[in-house]
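First up is the structure itself, then whatever we jot down about it.
The values are calculated or read from the model by the stated rules, or taken from the named source; none is laboratory data. Everything quoted here is computed from the prediction, not taken from an experiment. Here the Cβ positions follow ideal geometry from the backbone for every residue, glycine too, while neighbour counts run over all protein chains shown. Please note that ligands, DNA and RNA were not included when accessible areas were found on the heavy atoms of the full protein model with its side chains. Shrake-Rupley method; radii C 1.70, N 1.55, O 1.52, S 1.80 Å.
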Amino acid sequence: ISRVDATLGTARFAVLRRLDLSDNQIRSVHGVHALECLEELVLARNRIKSASDLAGLARLRVLDLSENCIAAFTNARGLAFNASMEHLCLRGNPIAVATRYRAQMTHLLPFLHTLDDTPLPPSALSRARERAESRAKAAANAIPRVASRRRLELLSQARPQAPPHKANADAAKSPVAAETRPTATLDAKKLSALCERLAKP
C-alpha cells in the first residue's frame, strides 16, 4: 500500500477504533481523517513525510509514526489538533534527533503521557487542567451541602409564628406573668379600720 484515500470514510470502516498499516510504502494518509472513531493508529515503517493529514482525529489516543521520514517540526504541527492524544512515537524519524526534540514536542502536545515509549513529566498546562478538574469536582460535591443548608434556612423562615394576641394570652397564663401582676387585696384589720372611720359623723 502506498497511500490511504477517502474510501476509508465509508460505512464499512467508519467505526474502526484501531488500525495497523505498518510495514507498507505509504506516503500519504489523506483518507485517515474520515475515521472519526479511531483511537489507535499504527503507521510504523512507512514513507510518511508529514503528519498534517492526521489532524482533527478527536478520539485518537495512540499514534505510532516510528521509522518514517518526518524531518521538521512544521510537518508535525498538525498533531496539536488531536486533543485526546496521550501516546506518540516518532522514534526513527529525522525529527527525533533534532535539537530540543522532546521539549518541542511536549510544548506542541502538552497532554502527552509518553513520547517514544518514555513517560513525560506533567506539563504546566496538564497540571492546570488537573487543578481545574479537581476544583470542578469539589464544587460539584459542595452543591448538595449548600442546598441542604438553604433548605433548613427556608424551613425555619417558613415556620408559623404565634399571633400577637395569642402570645399575650399565653403570657398571661404563665406563672411568671401571674407573679408580676399587681394585687389589689387589703388586710382585714385595715379594712375594718377604714369602715369605722367612714361610719363616724
Just to be sure, is residue 57 closer than 16 Å to residue 4 by Cβ, part of a loop (DSSP other than H, G, I, E, B), touching a His at 6+ places or on another chain (Cβ under 9 Å) and open to solvent by less than 50 Å² (accessible area, probe 1.4 Å)? yes
Can you work out which of the residues in region 81-95 that are outside any strand (DSSP E or B) and closer than 20 Å to residue 122 by Cα is most open to solvent (accessible area, probe 1.4 Å)? 81
Among the numbered criteria (1) more than 25 Å from residue 120 (Cα to Cα); (2) hydroxyl-bearing (Ser, Thr, Tyr); (3) in contact (Cβ under 8 Å) with a residue 40 or more places away in the chain, which one does residue 28 miss? (3)
Among the candidates 70, 48, which residue alone is modelled with pLDDT of 95 or more, assigned to a loop (DSSP other than H, G, I, E, B), of a type outside the set (Lys, Arg) and in contact with a helix residue (DSSP H, G or I) (Cβ under 8 Å, 6 or more places away or on another chain)? 70
Hey, can you tell me all the residues within region 96-109 that are crowded, with 18+ Cβ neighbours inside 10 Å and either of a type in the set (Gly, Ala, Ser) or part of a loop (DSSP other than H, G, I, E, B) (or both)? 96, 109
Scan region 7-45 for residues that are at pLDDT 95 or above and under 17 Å from residue 80 (Cα atoms) and report the count. 3
